[in-house]
Structure formats: structure tokens, C-alpha cells
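*Asks:* Next up is a structure, given as C-alpha cells.
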Amino acid sequence: MDFIFSAFYNIPGLKNFFRQKKKQVCFSEHEGKECIAPLFQTVQEIPQPIPTKITGTIPKWIQGSLLRNGPGKFEFGDSNFNHWFDGMALMHKFAIVDGNVTYTSKFLQSNAYKSNESENRIVVSEFGTLATPDPCKSLFQRFISKFEMPESTDNGSVNFVKYKKDYCVSTETHLMRKVDPVTLQTNEEVNWTKYIAVNGATAHPHYDPCGTTYNMGNSYGKHGTFYNIIKVPAQESEDEEILQGAEVVCSIPAVDKWNPSYYHSFGMTENYIVFIEQPIRMHLLRIITGKIRGIPISDCLSWDPSCDTIFHVSNKSTGTLHSVKYHTKAFAMFHQINAYEDQDCIVLDLCCQDNGDGIHQFQLQNLRKSGIALDKVYNSVAKSFPRRFVLPLNIDSETPQNIDINPLEYTTATAVKQDLERVWCTHENLYNETFENVGGLDFPAINYSRYNTKKYRYFYGCGLQHLVGSSLIKMDVVTKDMKIWQEDGFYPSEPVFVPSPDSTEEDDGVILSAVVTPRQDKTTFLLILDAKAFTEIARAEIPVQMPYGFHGIFLPQKECY
């Protein structure tokens with residue numbers, strides 16, 4: 001019987017019939033969302049380590065620090081930031097040593113922070129906020145200043161990143177700041193433009209086991225916009241500068257050269273980089289003239305669902321851009337889950353949204369709403385779905401058209417050649433019908449050190465029954481089953497996977513997450529979950545409030561002490 005089924009399955013016309021997808025989960029409207037305004041309020045830094053209250057037992061093998069980053073100051077004087085992404089970077093450190101945890105936090109002493117503080121107003125524009133005019137200038141001087149190019153921000157509030165031996169905090173401009181991971185002291189500025197011709201880089205680089213780092217950055221010129229794949233080689237000598245040897249290995253021309261795609265991350269396999277050109281458009285003319293128009297960068301982005309999302313593939317070693325572009329229906333994404341190669345295909349897993357307008361909903365005034373107004377904001381934000389795409393690489397004139405050419409039997413994702421330069425892709429949902437209960441998923445994480453660019457089974461993320469993470473989820477991409485950690489009144493941050501020493505199984509390790517709360521009668525804590533069973537091992541309560549942040553990393557003890 002198996003032989004007969006296999007024979008029928010491989011008939012081109014019937015293959016897609018057996019691969020029909022289950023109906024996509026649809027999310028109903030929700031009411032009664034808890035007000036989370038305290039998670040987006042300015043807090044005081046804690047520059048000296050303070051002890052925490054431990055519940056449970058922290059495994060002794062966990063020795064190191066969880067470093068997290070995100071906004072922590074939302075106003076200067078009478079000037080207020082407008083968007084969640086604008087707040088001044090506050091760095092957090094949970095130091096785990098011999099079963100104990102201490103907590104430290106410091107504001108990044110960026111040029112933006114110091115300038116704003118010295119003037120007691122916002123003088124450096126951010127993503128959703130224009131700098132306020134200098135009240136000491138004359139009317140004419142203020143008018144002339146509108147024609148000056150705005151200063152780029154070095155407010156690295158998105159993530160901790162590593163290049164060679166140095167750690168930096170990064171946003172999405174061309175400026176980063178080195179940081180001492182032991183003391184959280186702010187060190188010198190790092191400027192990408194001193195090394196390569198890019199106007200910025202993402203805060204989500206990828207790392208090869210050899211120490212080489214890859215990233216993506218735009219360049220703009222008279223010929224339009226290019227998406228550049230950046231390679232930073234591994235450390236060769238102690239006196240090397242942080243970005244020494246950086247090079248652009250491939251430049252991908254934007255489909256719309258004056259309205260390029262906004263992107264936050266990208267995919268990487270063992271041999272390829274995958275750039276996702278999504279229809280969230282950055283209107284360059286509006287950005288250039290934004291100061292004159294009196295609009296921030298956030299107002300220069302728009303969602304165009306009439307355009308496809310396009311996957312561009314480049315060889316990491318040669319920089320050769322694959323001749324085939326892989327198209328799919330319009331979706332937006334911030335974070336990729338993982339990517340790997342199998343049977344001459346790239347398997348690409350992403351967190352996808354069917355509407356790209358959500359970025360505009362994270363204005364601070366929306367995040368601080370309550371009651372019906374908050375419910376309306378939540379219900380207007382597109383939900384994030386984990387999805388799989390398959391990109392067959394060996395496409396030539398002999399490849400049949402108009403049938404599914406995906407050879408991977410374990411996924412229902414399809415790929416149909418339309419011509420020699422175009423393949424149409426449809427996704428597989430990496431979830432089952434129970435996914436509706438978690439409200440979507442984002443901030444994905446895997447066992448990165450051992451399974452990045454490799455075939456894998458598990459990923460972790462934040463369930464989104466609110467505008468921020470409301471649960472932690474473990475997803476099995478084979479069975480589509482999930483495990484959930486959730487506690488009323490608490491909002492967990494991005495999960496960080498730490499493998500157990502000498503582990504042989506993919507999910508042998510722990511999940512670390514900073515869990516915050518808007519409630520005065522509850523306490524912020526570092527949560528430690530057994531990654532396999534997805535049950536709580538321990539928590540470390542800290543007696544201070546933390547805002548909801550973005551991303552972070554775990555540094556083993558040998559790297560941070």
C-alpha cells in the first residue's frame with residue numbers, strides 16, 4: 001500500500017492534492033486587555049548590582065550573564081517621545097553565579113542621550129519623534145535649521161551584538177556603541193561608514209561557527225537603493241579594530257529603487273544569505289525632506305499589499321546573486337526563526353504578518369491606553385504567524401513549470417516555477433488549530449549555537465495575547481504541538497536558549513526570560529524554564545520595575561567576568 005500511495009503521490013497533478021493545507025487559524029476580536037502603561041514609563045537605572053530573591057533552584061552549570069536591551073527613558077523635560085522605538089536605551093544585566101542572581105541596569109551614554117540630557121529636551125530625532133526646535137534660536141534660524149540634514153542617532157536600544165572580540169549595542173543606523181559586558185560601561189562609538197559604504201545595518205547579525213559575522217545594510221546613490229550583504233571576518237590579531245576587514249559581498253538592487261523595503265532581519269544557511277524584500281516601503285524623498293515637512297521617519301513608511309514579498313538568495317562565499325527570485329504573497333516580518341539547506345533547497349522559517357501597518361500602532365499613546373481604546377488598538381494589529389517557505393535552488397530550462405517542484409516530503413510548502421527567473425512560493429503553517437489561543441507569536445529563538453543553519457525541531461517565542469509578550473511558547477515544527485508558560489499579570493520578554501553542558505539533544509537546556517508586570521503588588525523576575533519540559537525551574541525576583549524591552553544575549557562566565 002505504501003508503494004501504491006508513493007507512486008500516486010509523485011504524479012505531478014496529484015502531488016498538490018495530497019499537500020492541501022489546513023485552514024489558517026483566524027483570530028477573533030478580544031476584549032478586556034489589561035492596561036500595560038507602566039511597562040512604557042521611565043525608570044531609574046540601577047548602576048550597582050543588587051541581590052535577588054531566589055525561588056526554586058538554579059542549576060549550578062548556568063554561569064554567566066543575561067544581557068538585555070530596550071527603551072527605558074521616554075522624555076526629557078517637557079519633550080516626550082512618540083514611539084516605543086524612540087526611548088533611550090537602558091541596558092540590563094542578570095548575573096548568574098553559583099545559583100545566585102544579581103541585577104544591574106545602566107542607560108547607554110550615547111551622544112543622543114547626553115545631548116538630550118544636557119539640553120533637557122529632545123535634540124536628536126528618533127524613529128517616531130522629531131527633535132524639538134531650540135527655543136534660543138531666532139525664528140529665521142529655526143527656519144534655516146529645517147534644511148539641515150538631521151543627525152543620525154546612536155541610541156542603540158535594540159540588541160547586543162558581537163563583532164570580533166567586542167560587544168556593542170545597536171539600533172538600525174550606521175552608528176553602534178561598544179559596551180563593557182561586565183560593567184555595562186558605554187565605550188567608544190563605532191561608525192560603519194568608516195569601513196564600508198552602507199548607511200546602516202540591522203541589529204540582528206548572524207554568526208558562523210568560525211567567528212565570521214554577516215549582516216545587511218542599505219546604500220543609497222544616484223542609481224537608487226541597494227541591499228548589501230556585509231561580511232565581517234573573524235578576529236586574526238588582538239590589535240584589530242572591531243570592523244576591520246568588513247566588506248560588502250553582494251549588492252542586491254531594490255525592486256523600487258526610490259522606495260526600498262524596510263527590513264529588520266534576514267535569513268542565513270550554511271552557504272547562503274536570504275534577503276526578504278517585503279512591501280513595507282521607505283519613501284526616500286519623504287525621509288530626506290522629513291525635517292522640512294515636520295514628519296519623523298515613521299511617517300515615511302507605508303504598507304503596499306499590492307506588491308509581492310520577494311526572497312533574494314546570495315552565495316555567502318562568492319557573493320553571487322542567484323538568478324531566480326522567489327515570490328510569494330505580500331507579508332511583513334521582523335524576525336526570522338531559522339534557515340537551512342536540504343536536498344538542494346533552502347528551508348526558511350519566519351514570523352509573518354499579513355499586514356505591515358502594525359509598526360505604526362506602537363505609538364506610546366496607544367501602548368498606554370486602557371479599556372475599550374486599548375482593545376481597539378490590539379485588535380487592529382496584525383497577528384504574527386510562524387511559517388515555512390521552501391526555495392529550490394537548482395532551477396534551469398529543464399525544470400518543469402506550473403507544478404510543485406519542492407522535493408521535501410516533510411513540508412506542505414510549495415514552489416512553482418513560472419519562468420527561468422521566477423518561482424512562486426506558498427508557505428506551510430508551523431502551528432495547529434490551538435494556535436488561536438496564544439494570539440500569535442514573535443521574538444523567536446532557537447538553540448542557536450548548535451542548530452543555526454541546521455535542520456532543527458524546536459523554536460521558542462513570545463505568545464502575543466497582548467501588544468507585548470503575554471506567554472512563552474515552545475513549538476515543535478514536526479508535530480506542530482506547543483507547550484506554554486503563562487502567569488496572569490506577567491509579561492515575559494524574548495526567550496533566550498542556553499544549552500546544557502555536553503548536551504546531546506536539541507532541547508536540552510534552559511530558557512531565560514525577563515518577566516515584567518504593570519501591577520504594583522507583583523514583582524519583576526528572571527524566569528528560568530527547563531527547555532525540554534517547559535516547566536519552571538527557578539525565578540529570581542528583583543525589587544525594581546523594568547520596562548518591556550526588545551532583545552538580548554547570554555554570555556557564558558568566561559566572556560563576562
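*Asks:* Open to solvent by 40 Å² or more (accessible area, probe 1.4 Å) and either among the basic types (Lys, Arg) or modelled with pLDDT under 95 (or both), is that true of Arg519?
*Replies:* Working: open to solvent by 40 Å² or more (accessible area, probe 1.4 Å): yes; either among the basic types (Lys, Arg) or modelled with pLDDT under 95 (or both): yes.
The answer is yes for Arg519.
*Asks:* Quick check, is Ile229 farther than 21 Å from Leu175 by Cα and of a type in the set (Val, Ile, Thr)?
*Replies:* Numbers: farther than 21 Å from Leu175 by Cα: no; of a type in the set (Val, Ile, Thr): yes.
The answer is no for Ile229.
*Asks:* Which of the residues spanning the stretch 302-318 are out of contact with any Leu (no Cβ under 8 Å at 6 or more places or on another chain) and open to solvent by less than 10 Å² (accessible area, probe 1.4 Å)?
*Replies:* Thr309, Lys316
*Asks:* Still on this model: State which residue is least open to solvent (accessible area, probe 1.4 Å) when the search covers only the stretch 533-545 and only residues that are in a loop (DSSP other than H, G, I, E, B) and either over 27 Å from Asp508 (Cβ atoms) or hydroxyl-bearing (Ser, Thr, Tyr) (or both). Step through it out loud before you land on a result.
*Replies:* So in the stretch 533-545, the residues in a loop (DSSP other than H, G, I, E, B) come out as 533-534, 542-545.
Imposing the further condition that a residue be either over 27 Å from Asp508 (Cβ atoms) or hydroxyl-bearing (Ser, Thr, Tyr) (or both) reduces the set to 542-545.
Working: Ile542: 2, Pro543: 103, Val544: 36, Gln545: 75 Å².
This residue is Ile542.
Okay, residues lined up against (1) in a loop (DSSP other than H, G, I, E, B); (2) under 22 Å from Asp442 (Cβ atoms):
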{"residue": "Ala373", "(1), (2)": "no, no"}
{"residue": "Asn379", "(1), (2)": "no, yes"}
{"residue": "Leu391", "(1), (2)": "no, no"}
{"residue": "Glu409", "(1), (2)": "yes, no"}
{"residue": "Thr412", "(1), (2)": "yes, no"}
{"residue": "Val423", "(1), (2)": "no, no"}
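*Asks:* Within the stretch 58-75, identify whether any single residue is at pLDDT 95 or above, in a loop (DSSP other than H, G, I, E, B), in contact with a helix residue (DSSP H, G or I) (Cβ under 7 Å, 6 or more places away or on another chain) and open to solvent by 20 Å² or more (accessible area, probe 1.4 Å), and answer yes or no.
*Replies:* Yes, the stretch 58-75 has at least one match.
*Asks:* Could you pull out the residue among Val198, Val248 that is assigned to a strand (DSSP E or B), of a type in the set (A, V, I, L, M, F, W, C) and touching a Phe, Trp or Tyr at 6+ places or on another chain (Cβ under 9 Å)?
*Replies:* Val248
*Asks:* Could you go through the stretch 395-402 and let me know if any residue there is among the acidic types (Asp, Glu) and modelled with pLDDT of 95 or more.
*Replies:* No, the stretch 395-402 contains no residue that is among the acidic types (Asp, Glu) and modelled with pLDDT of 95 or more.
*Asks:* Condition test on Phe525, is it under 30 Å from Leu367 (Cα atoms), aromatic (Phe, Trp, Tyr), open to solvent by less than 10 Å² (accessible area, probe 1.4 Å) and modelled with pLDDT of 95 or more?
*Replies:* When the stated conditions are applied, Phe525 passes them.
*Asks:* Now for a separate question. Working carefully through the options Thr453, Thr434, Thr426, Thr411, find the one that is out of contact with any Gly (no Cβ under 7 Å at 6 or more places or on another chain) and within 30 Å of Leu374 (Cα to Cα).
*Replies:* Going through Thr453, Thr434, Thr426, Thr411 in turn, just one is out of contact with any Gly (no Cβ under 7 Å at 6 or more places or on another chain) and within 30 Å of Leu374 (Cα to Cα): Thr434.
*Asks:* Kindly indicate whether Phe385 is open to solvent by 20 Å² or more (accessible area, probe 1.4 Å), outside any loop (DSSP other than H, G, I, E, B) and aromatic (Phe, Trp, Tyr).
*Replies:* No.
*Asks:* Output the residue which, of all residues in the stretch 393-406 that are in a loop (DSSP other than H, G, I, E, B) and among the charged types (D, E, K, R), is farthest from Ile273 (Cα to Cα).
*Replies:* Glu398
*Asks:* Look at Ala234 and say whether it is in a loop (DSSP other than H, G, I, E, B) and open to solvent by less than 60 Å² (accessible area, probe 1.4 Å).
*Replies:* So Ala234 passes the test.
*Asks:* Let me ask another. Scanning the stretch 179-200 for residues that are in contact with a Lys or Arg (Cβ under 9 Å, 6 or more places away or on another chain) and of a type in the set (S, T, N, Q), which turns out surrounded by the most Cβ atoms within 10 Å (Cβ to Cβ)?
*Replies:* Per the stated criteria, the residue is Thr186.
*Asks:* What residue, of Phe443, Phe435, is over 20 Å from the mean Cα position of the chain (by Cα) and either closer than 27 Å to Asp521 by Cα or in contact (Cβ under 8 Å) with a residue 60 or more places away in the chain (or both)?
*Replies:* Being over 20 Å from the mean Cα position of the chain (by Cα) and either closer than 27 Å to Asp521 by Cα or in contact (Cβ under 8 Å) with a residue 60 or more places away in the chain (or both) holds for just one of Phe443, Phe435, which is Phe435.
Here's the yes/no breakdown for (1) closer than 18 Å to Ala415 by Cβ; (2) in contact (Cβ under 8 Å) with a residue 12 or more places away in the chain; (3) within 17 Å of the chain's Cα centre (by Cα):
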position: Glu341; (1), (2), (3): yes, yes, no
position: Cys352; (1), (2), (3): yes, yes, yes
position: Asp357; (1), (2), (3): no, yes, yes
position: Gln363; (1), (2), (3): no, yes, no
position: Arg368; (1), (2), (3): no, yes, no
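*Asks:* Same structure, new question: Looking only at residues that are of a type in the set (D, E, K, R) and in a strand (DSSP E or B) in the stretch 277-307, which one is farthest from Asn228 (Cα to Cα)?
*Replies:* Arg281
*Asks:* On to the next question. Which is touching a Pro at 6+ places or on another chain (Cβ under 7 Å), of a type in the set (D, E, K, R) and open to solvent by 10 Å² or more (accessible area, probe 1.4 Å), of Asp530, Asp508?
*Replies:* Result of the check over Asp530, Asp508: Asp508.
*Asks:* Right, something else. Quick one: Pro12 ticks every box in (1) at pLDDT 95 or above; (2) open to solvent by 50 Å² or more (accessible area, probe 1.4 Å) except a single one, so which number is it?
*Replies:* For Pro12, the exception is condition (1).
*Asks:* I would also like to ask the following. For residues that are of a type outside the set (Asp, Glu) and over 24 Å from the mean Cα position of the chain (by Cα), scanning just the stretch 237-266, find the one that is surrounded by the fewest Cβ atoms within 10 Å (Cβ to Cβ).
*Replies:* Ser237
The values are calculated or read from the model by the stated rules, or taken from the named source; none is laboratory data. What you are looking at is a predicted structure, and each value in this text was computed from that prediction instead of being measured. With ideal geometry, Cβ positions are generated from the backbone for all residues, glycine too; neighbour counts draw on all protein chains shown. SASA here: full protein model, heavy atoms, side chains in, ligands and nucleic acids out. Shrake-Rupley method; radii C 1.70, N 1.55, O 1.52, S 1.80 Å.
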